[in-house]
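Student: Take this structure first; my questions come after.
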There are 2 protein chains.
Amino acid sequence: MSNFKEFMEHSTKLVSEAMIESIEKLKAPERLKESMAYSLQGGGKRIRPLLLFATLDAFGKNPEIGIKPACALEMIHTYSLIHDDLPCMDDDDLRRGKPTNHKVFGEDLAVLAGDGLLTYAFQLITEINDVSVSDQVKLQLISELAIAAGPEGMVAGQVADMEGERKQLSGEELQFIHERKTGKMLMYPVIAGAILSRATAEQLSHLTQFAYKLGIAFQIQDDILDVIGDEDVLGKPVGSDIENDKTTYVKLYTVEGAKERLHTFITDAKRHIRACGIKDDFLISICDFVENRSF
Amino acid sequence: MSNFKEFMEHSTKLVSEAMIESIEKLKAPERLKESMAYSLQGGGKRIRPLLLFATLDAFGKNPEIGIKPACALEMIHTYSLIHDDLPCMDDDDLRRGKPTNHKVFGEDLAVLAGDGLLTYAFQLITEINDVSVSDQVKLQLISELAIAAGPEGMVAGQVADMEGERKQLSGEELQFIHERKTGKMLMYPVIAGAILSRATAEQLSHLTQFAYKLGIAFQIQDDILDVIGDEDVLGKPVGSDIENDKTTYVKLYTVEGAKERLHTFITDAKRHIRACGIKDDFLISICDFVENRSF
């Protein structure tokens, strides 16, 4: 596949179909399966699976070996959104223009659907049955995923974010939150792709830096879009950060300053990926997508 | 160690200390760590770790190799209690005589502490660093844990239990719920112990049957104690099942009938363990403990 748009659509299709298939085959109460599938089908950019498939592609690997880790990653991302939307957390009624999980299935089932997705994610990685993927590689994928999503990663970021609400944060504090809340789960697909491709230590180091910079850039663009984005294109209301008096990159540095920082992070990310000596066209395209996205 | 009581205390100490140590070393927000540790220190019988250590002992294995899986298991059990106590679930203010997690830390942190414990559990298993435990064994431990705790296991049981509340259930439906809600997580430590001990297929089959029967027996005793137990010894109010018009073994079969069933399941469990050809004294003692416990 030479065309990035085509590659993006194919990768979204691969992971979306595999996720629904794996939920359907579960021997579980129907309402639970419906609730899990509902949020998995909520749309979204599927940027994390895309990063994983693009990394595999850069090393000339078969995308098949990435399907289960990509599903696991997207399930964990989805569980975090379900729990984040709960009345006791952000109390959101809408997510990407659709009623949130607890609005449709009730709070109790939403909690359990989240718990189910999180647990099932780890099971999926144990089920990779390609002979080229060793037990050691599977364990590494599980370990990195748990670290990225757990109490030192995403969960820590959620808590820090909660504690930082309505408090004036410094640029450093803001970065601390983002590195954990969204950063580590954006880095994971690149690291997972590198592990599956048996990248060298030097390549892994560059790829980690690439993913780190890209994750921060992604978050800066999120903050910019909350100010200058188009609600219809974004699928969510804009202006909520200002309304909630939240510290953002825009608040700290203005829109122009945030854009400059965004460009610097993207430039750095590209530099690292070019230093890897791999087929980097799709990863570079993802950088451009993150810098220029409107949704 | 030849004395069961001593073995029980030692096993509780091993897992309790290891859990707190592993939480303390986390680089995570202090409130999150406090919230996670609070519920892990909530007391409880630690029957699951005990089963794991007793199985390892029966095969003459070093208990050290079971510490991390035992911690993982107890963390998942604990997360399920935290989420189960939430206002949108059972809405409980007390657990073993202490305020529930969300009463102390707030609902938002309680959700996240549960999420953190669940995720961290899987990380812990990847961290077993005994050379006698192969990557294949670690993966099997992770796979079985995810299956026991996930949408086909404990989470399915929670959903079925929720759906079955205030509905008259048959004995079969009741068993379906218990097999998932508590049964699989009571079977896991025995299966984990067997995997770590490299039990033969025949031994594994007997141990699985043993753990299944024991899990049902445990649940029957729970239902009996809710009727004839002593609140002070139990550490929770009795009579709540009748109050909530819940289907239980006592409701279906009377106290006497439930006790007979309990005895049958315990006898079956003992039969299976004796057929294994292992040093079974502590596992037999656990059977007696489950049949005669008052807390």
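Student: Under 14 Å from the Cβ of A:Glu127, count the other residues' Cβ atoms, weight Lys and Arg +1, Asp and Glu -1, and hand me the total.
Tutor: -3
Student: Moving to a separate point now. With labels modelled as points extended 7 Å from the Cα through the Cβ direction, what inter-label distance (nm, one decimal) is found for A:Ala201 paired with B:Arg198?
Tutor: 3.2
Student: Across segment B:145-295, what fraction of all alpha-carbon pairs, as a whole percent, falls in each successive 10 Å bin from zero upward?
Tutor: Binned Cα distances yield the sequence 11, 37, 36, 13, 2.
Student: Something else about it: In a Gaussian network model over chain B where Cα atoms closer than 10 Å are linked, find which of B:Val233, B:Val133, B:Val104 has the largest mean-square fluctuation.
Tutor: Comparing B:Val233, B:Val133, B:Val104 in a Gaussian network model of chain B, the most mobile one is B:Val233.
Student: Where Rh is the Kirkwood radius over the Cα pairs of the protein assembly as shown, the temperature 25 °C and the viscosity 0.890 mPa s, what D in µm²/s does Stokes-Einstein return? Could you put the intermediate results ahead of the total?
Tutor: Details: Rh = 25.0 Å.
For the chosen part, D equals 98 µm²/s.
Student: What's the magnitude of the charge dipole for segment B:1-56 around its Cα centre, counting Lys and Arg as +1 and Asp and Glu as -1 at the beta-carbon? Answer in Debye, nearest 20. Walk me through the numbers on the way to the answer.
Tutor: Details: 9 positive and 7 negative charges, 36 e Å.
So the dipole magnitude of segment B:1-56 works out to roughly 180 debye.
Student: Let me ask something additional. Treating each Cα of chain B as an identical point scatterer and ignoring solvent, apply the Debye formula and state log10 I(q)/I(0) at q = 0.08, 0.09, 0.13 Å⁻¹.
Tutor: -0.33, -0.42, -0.92
Student: When chain A is modelled as a GNM with alpha-carbon springs shorter than 10 Å, which of A:Lys98, A:Lys25, A:Lys246 fluctuates the most?
Tutor: A:Lys25
Student: Give me the extension gain from A:Thr267 to A:Leu252: residue separation times 0.36 nm, minus the current Cα-Cα distance, reported in nm with one decimal.
Tutor: 3.3 nm
Student: Please find, in a Gaussian network model of chain B (springs between Cα atoms separated by less than 10 Å), the residue of B:Asp85, B:Asp232, B:Asp222 whose mean-square fluctuation is greatest.
Tutor: Largest GNM mean-square fluctuation: B:Asp232.
Student: Another one. If you average 1/r over all unlike Cα pairs in segment B:108-186 and invert the result, what Kirkwood radius do you get in angstrom? Walk me through the numbers on the way to the answer.
Tutor: Details: mean 1/r = 0.0697 Å⁻¹.
With all distinct Cα pairs of segment B:108-186 included, I get 14.3 Å.
Student: For chain A, what are the DSSP H helices with axial Cα length of 18 Å or more and mean Kyte-Doolittle hydropathy of at least -1.0? The partial results should precede the final answer.
Tutor: Values: long enough: A:4-24 (30 Å, -0.16); A:67-85 (27 Å, 0.21); A:107-126 (30 Å, 0.92); A:135-149 (21 Å, 0.75); A:201-228 (40 Å, 0.36); A:249-274 (32 Å, -0.61).
Helix filter hits for chain A: A:4-24, A:67-85, A:107-126, A:135-149, A:201-228, A:249-274.
Student: Determine the sum of side-chain charges near A:Ile191: Lys and Arg each +1, Asp and Glu each -1, restricted to other residues whose C-beta is under 13 angstrom from that of A:Ile191.
Tutor: +2
Student: While we're here: Given charges of +1 on the Cβ of Lys and Arg and -1 on the Cβ of Asp and Glu, with all other atoms neutral, how large is the dipole of segment B:148-295 about its Cα centre, in debye to the nearest 20?
Tutor: The calculated dipole for segment B:148-295 is roughly 600 debye.
Student: Find the centroid of the Cα atoms in segment A:61-78 and in segment B:224-295, then give the distance between the two in whole Å.
Tutor: What the calculation gives is 43 Å, centre to centre.
Student: Considering amide H positions built from the backbone, and no H for Pro or chain starts, which residues 5 or more places from B:Leu94, or on another chain, come under 5 Å of its amide H?
Tutor: Result for B:Leu94 returns B:Thr100.
Student: What do you get for Rg/Rh over segment B:15-119 if you use C-alpha atoms and the Kirkwood form of Rh? Kindly include the intermediate steps, with their values, before the conclusion.
Tutor: Values: Rg = 14.3 Å, Rh = 14.2 Å.
Answer for segment B:15-119: 1.01.
Student: Would you kindly work out the equivalent ellipsoid of segment A:256-295 from its C-alpha gyration tensor and give its semi-axes, the square roots of five times the eigenvalues, largest first in whole Å?
Tutor: The answer is 20, 13, 4 Å, longest axis first.
Student: Taking A:Ile242 in one copy and the same position in all the others, each labelled 7 Å out along Cα→Cβ, what are the pairwise distances from the first, in nm, shortest first?
Tutor: A:Ile242 label point versus its equivalents elsewhere: 6.3 nm.
Student: Distances in nm, one decimal, shortest first, from B:Ser170 to the same residue in every other copy, taking the label point 7 angstrom along Cα→Cβ.
Tutor: List, nearest first: 6.7 nm.
Read-outs throughout are calculated quantities, based only on the coordinates presented, and are distinct from any laboratory measurement. Everything numeric here is computed off the predicted structure, so don't read it as measured data. Reconstructed Cβ throughout: ideal geometry from the backbone, glycine too, with neighbour counts over all protein chains shown.
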